[in-house]
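Read the figures in this text as sums done on the coordinates, not as results from a lab. Owing to the predicted nature of the structure, the values given are computational and were not obtained by experimental measurement. Don't worry about glycine lacking a Cβ; one is built from the backbone with ideal geometry, like all the others, and counts go over all protein chains shown.
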């Protein structure tokens with residue numbers, strides 16, 4: 001009886017995850033590294049549910065914008081990820097601001113396999129510290145990432161109770177001391 005209940009619970013979780021991914025709506029661009037900027041990448045690119053999701057499977061992914069109100073991501077910005085063991089991974093965003101990390105055994109440094117998609121040594125050990133660098137301006141995320149691997153789950157739309165707002169590189173005057181520290185690099 002307990003096994004049957006566990007199986008039903010797993011099926012319900014898989015169904016919820018698939019519904020959530022399906023709820024993102026239709027594609028607006030060809031599938032690939034530039035599709036769905038600003039959306040939660042790991043809702044589809046995660047192997048945790050084993051339900052035939054989109055490959056490749058990402059370990060961490062997101063979209064970076066230049067300014068808070070921008071609706072188009074910024075190309076080429078650097079993303080730094082430092083894990084709990086002090087390993088630093090530095091990658092770049094693609095033309096629409098997207099980046100994704102895929103853990104691959106045997107690597108000693110990040111290798112770009114497609115625009116904005118990076119194969120990295122790993123696995124990443126949580127919590128993670130992150131920052132973005134654009135044109136000499138570095139913005140450090142004040143908090144650490146404890147477990148969420150899709151940046152847009154916490155960073156989407158307008159800042160408020162449910163979101164910190166988008167990840168962006170150029171601080172607004174209203175940002176003084178809010179979501180990230182900015183420094184010249």
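Tabulated values for the structure
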read-out	value
Sites residue 144 and residue 31 - FRET efficiency at Förster radius 22 Å, r taken between beta-carbons, to 0.05	0.10
In range of the label at residue 71: residues from segment 113-151 whose backbone nitrogen is under 18 Å from the point 7 Å along Cα→Cβ	none
Residue list for segment 107-148, given a label point 7 angstrom along the Cα-to-Cβ vector of residue 170 and an amide N cut-off under 11 Å	135
